[in-house]
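Data block below; observations after.
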Amino acid sequence: MVTPTGKEVQLELTPNPSHLEAVDPVVEGYARAKADRLYKGEYDRILPILIHGDAAVAGQGIVFEVIQMSKLKGYNTGGTFHFVINNQIGFTTDFEDARSSTYCTGVASVVSAPVFHVNGDDPEALLYAVEMAMEFRQEFNTDVFIDMVCYRKHGHNEGDDPMFTQPDLYEAINVHPNPREIYMQELLEMGEVTKQLADDLEKTYWGDLQARLDELKQHALPYKSQEPEEEWEKLRYATAEDFKKSPVTGLEKTRVEKILSHLNTIPGHFRPIPKVSRLLDNNKKLLAKGMVDWATAELMAYGSILMEGKDVRMSGQDVQRGTFSHRHAVLHDAKTNEVLNRLDNIEETQGKFHIYNSLLSEFAVMGFEYGYSLADPHNLVIWEAQFGDFFNGAQTIVDQFISAAESKWHRMSGLTLLLPHGYEGQGPEHSSARLERFLQSCADLNMVVTNITTPANFFHLLRRQLAWDFRKPLVVMSPKSLLRHPECVSPLDAFETGTHFQEVIADPTVSAKEAKGIKRVLFCTGKIYYDLAQRKKDLQRNDVAIVRVEQLHPLPENQLNAILKQYAKAEIFWVQEESANMGAWQYMKLNWETDRNLQRISRRASASTAVGFKKIHDQQQEDILQKAFA
Ligand SMILES: Cc1ncc(C[n+]2csc(CCOP(=O)(O)OP(=O)(O)O)c2C)c(N)n1
């Protein structure tokens, strides 16, 4: 688009749900991605504009969260232009009931952003304020606010009558001349224009608008995509066929070796703290046995994506180290606190690994990362929750954007959510990432929901995100205790040429020959597999097979049914740690179309996700295991 002064600008509108202000962080993330990708961090070349209502800007907490992010390294966009249309009413609520602050823009003071309160009846003052605010933004790269104080001419919508609730106000509004009339009167009095000229200008203006509308009806607006959007155009939408088998994501052995050696090598002058040194030593010992643990597999996935020239961006609370002190993507020198990003400098042509510890927000940060993921399909964008249940602070982003955007707006996103999940006796606040919530929102292949049990499968899952020629949001119920579980390791060859993501993992201890002797099949997902496998071993129950469903949505029904066929005479159970009203049970029962009778073994239905006492937790877990092998 070319401005009246001949400047070329790209104007974009992000998809915007009804939830007021929820789009704010999405706009910021989108703008940041464009600044990173197209403008090399030159924020003067991009401007996030947020248009607010006075009630929403004052009432919605997300506004505070977004403002709080505005100066942080990971989320800065060079200042946002906030334009508040202050009609002094929110739906039918007067401002006396809508806020405690004097101004609706009170939140601006959090970052000392200037606010220009301006009379909406005075177009010249408004223009002046906007120009000044923009100059300020460009000069100081901070947020700026325009508070345009005005009124709403009619009701909240066509069918609404504001006289119900604000009769005296609307009596005044009904007789108040509109801004154009006021301005024209002013110009006439000043002798700047004649009545005839004003009338002609108005006529020409309306004529222009009509002509453009007619033109657009004939020929769609010629929209020219920017570079990252052109990449989206090369992608396609997924079909059910795409989920029958995962693409190969294994790497050549030499690549695996290169990444691993890079991850385990610390520059000579750098002194990590002793605990980190021990961790790296343990890693090396494990590697000497040809095995890789969870954290290493994760970093290997990122490293391999970077080596393909793509970027990886991750944020969330304490992600650099990882909540469970497992990731250590960024190390600190014990003496100098010098920072070492372990994924930098693998090779010259690699992409960038952006990893930011976030502010203590879920709604804004997840929204930001979602927005970031929209700008460029060749980035792997990840948000991690400190514990999985905290994602529900960002439920609006999940419901309005992540799970529904492709269906509502034809917008794909490959955003990946890592949500630590698992019943480990830590109580109701730390056990569940509410798997059932995600599964309940699944339909039309809208997103991928997983609960993974091996490091190699996690590696392939992450790589698959960018290997596909479509994008899907990915939800991972990620592990806690499995990060250090001695059995939760993968052999090196599981990462190498020809390997790919496994949607279902059949029981590795049951050969095809032994299948006939299986009397009971336990289907499960996630960490309970390790408890079941241990019990099977302890009891030497060769008549029981344990099958892991690593990907719950889209449900790999073909693979599950093929397994069922092998065990034609066995009784089949779904075993989960979660309560009966939670976890994947209801989803499996509803979505797995089989004539076999799938029975449930789980904790009983409960209001809270888990019990508060470790002893009771242990009893419950034992009860599940006993029932599974009864
Ligand atoms: C999060 C959220 N809560 C409630 C609503 C319902 N709602 C729609 S408009 C509105 C009033 C908005 O007032 P204001 O921000 O002043 O904007 P106005 O429409 O008056 O310009 C409300 C409450 C909504 N859309 N989003």
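The values are calculated or read from the model by the stated rules, or taken from the named source; none is laboratory data. Since the structure is predicted, the reported quantities are computational estimates derived from the model, not experimental observations. Here the Cβ is made from the backbone with ideal geometry for all residues, glycine too, and neighbour counts use every protein chain on show. Protein only, heavy atoms only, side chains kept; ligands, DNA and RNA dropped before computing areas. Shrake-Rupley method; radii C 1.70, N 1.55, O 1.52, S 1.80 Å.
Could you count how many Lys pairs in the stretch 208-296 have their Cα atoms under 30 Å apart, skipping same-chain pairs fewer than 8 positions apart?
18
In terms of the Cα gyration tensor, with a ≥ b ≥ c the square roots of its eigenvalues, is the stretch 70-121 rounded because a/c is under 1.5, prolate because a/b exceeds b/c, or oblate?
It comes out prolate by the Cα gyration axes.
What lysines does residue 614 reach when the alpha-carbon gap must be under 25 Å and sequence neighbours fewer than 8 apart in one chain are set aside?
Within the straight-line limit of under 25 Å, residue 614 reaches these lysines: 480, 527, 536, 537, 627.
If you average the sequence gap of Cα pairs under 8 Å that are 6 or more apart and divide by the length of the stretch 382-480, what percent do you get for the contact order?
The normalised contact order for the stretch 382-480 reaches 38 percent.
Ordering 291, 314 from largest to smallest accessible area (1.4 angstrom probe), what's the sequence?
If we order 291, 314 from most to least accessible, we get 291, 314.
Residue 480's amide H: which non-local residues (gap 5+, or another chain) put their own amide H closer than 5 Å, with H modeled 1.01 Å from N in plane and none for Pro or chain starts?
The answer is 421.
With every protein chain left in place, what is the accessible area of residue 192 in Å² (1.4 Å probe, nearest 10)?
Residue 192 exposes around 120 Å² with every protein chain in place.
Kindly sort 117, 82, 354 by accessible area of their heavy atoms, largest first, with the probe set to 1.4 Å.
Descending accessible area places them as 117, 354, 82.
Given a 1.4 Å probe and the protein chains all in place, what does the accessible area of residue 206 round to, in Å² to the nearest 10?
Roll a 1.4 Å probe over it and residue 206 shows about 150 Å².
Quick check: the angle from helix 253-263's long axis to the longest principal axis of the chain, C-alpha only, nearest 10 degrees?
Relative to the chain, helix 253-263 is tipped by roughly 70 degrees.
How about the stretch 582-630: which trypsin sites (Lys or Arg not before Pro) there lie in a loop by DSSP and see at most 10 other Cβ atoms within 10 Å?
Those that pass, being in a loop and sparsely packed, are 604.
Which order do 311, 618 take when ranked by solvent-accessible area (1.4 Å probe, heavy atoms of all protein chains), largest first?
Sorted descending by solvent-accessible area, the residues read 618, 311.
Rounded if a/c is under 1.5, else prolate if a/b beats b/c, else oblate: with a ≥ b ≥ c from the C-alpha gyration tensor eigenvalues square-rooted, which is the stretch 53-159? If you can, show how the numbers build up before the last one.
Working: a/c = 2.30, a/b = 1.37, b/c = 1.68.
Oblate is the answer for the stretch 53-159, as a/c is 1.5 or above yet b/c matches or exceeds a/b.
With the crude spin-label approximation of a point 7 Å out along Cα→Cβ, what separation in nm comes out for residue 192 versus residue 219?
Distance between label points: 3.6 nm.
Helix 363-375: angle to the longest alpha-carbon principal axis of the chain, degrees 0 to 90, nearest 10?
90 degrees
Each residue of the stretch 479-496 in turn: what ³J(HN,Hα) in whole Hz from Karplus with 6.51, -1.76, 1.60 and θ = phi - 60°, glycine and Pro shown as x?
My calculation for the stretch 479-496 gives x, 10, 5, 5, 4, 10, 6, x, 7, 8, 9, 10, x, 4, 5, 6, 9, 9 Hz in order.
Give the shape of the chain as rounded, prolate or oblate, defined through the alpha-carbon gyration tensor: a ≥ b ≥ c are the square roots of its eigenvalues, a/c under 1.5 means rounded, and otherwise the shape is prolate if a/b is larger than b/c and oblate if not.
Since a/c reaches 1.5 and a/b is larger than b/c, the shape of the chain is classed as prolate.
For residue 569, give me every one of the lysines with a C-alpha distance below 18 angstrom, ignoring sequence neighbours fewer than eight places off in its own chain.
The reachable lysines, counting only those whose Cα sits under 18 Å from residue 569, are 513, 516, 519.
Output the relative contact order of the chain, whole-number percent, from Cα pairs under 8 angstrom with separation of 6+ residues.
Once normalised by length, the contact order is 12 percent.
Measure off, as a whole percent, the carbon and sulfur share of the 1.4 Å-probe accessible area of the chain, all protein chains present.
Roughly 53 percent of what the probe reaches on the chain is carbon or sulfur.
Write down the accessible area per residue of the stretch 35-124 in Å², having rolled a 1.4 Å probe over the full set of protein chains. Don't skip to the answer; put the middle values down first.
Values: 4290 Å² over 90 residues.
Result: 48 Å² per residue.
Please give the per residue accessible area of the stretch 558-630, computed with a probe of 1.4 Å over protein heavy atoms only, in Å².
I get 55 Å² per residue for the stretch 558-630.
Could you pull out every one of the lysines with an alpha carbon less than 28 Å from that of residue 153, ignoring same-chain neighbours closer than 8 positions?
List returned: 195, 203.
Can you list which of the chymotrypsin sites (Phe, Trp or Tyr not before Pro) found in the stretch 275-384 are DSSP loop residues with at most 10 other C-beta atoms within 10 Å?
none
For the stretch 173-314, what does the accessible surface come to per residue with a 1.4 Å probe? Please give it in Å². Don't jump to the answer; show the numbers that get you there.
On the way: 9070 Å² over 142 residues.
Counting only protein heavy atoms, the per-residue value for the stretch 173-314 is 64 Å².
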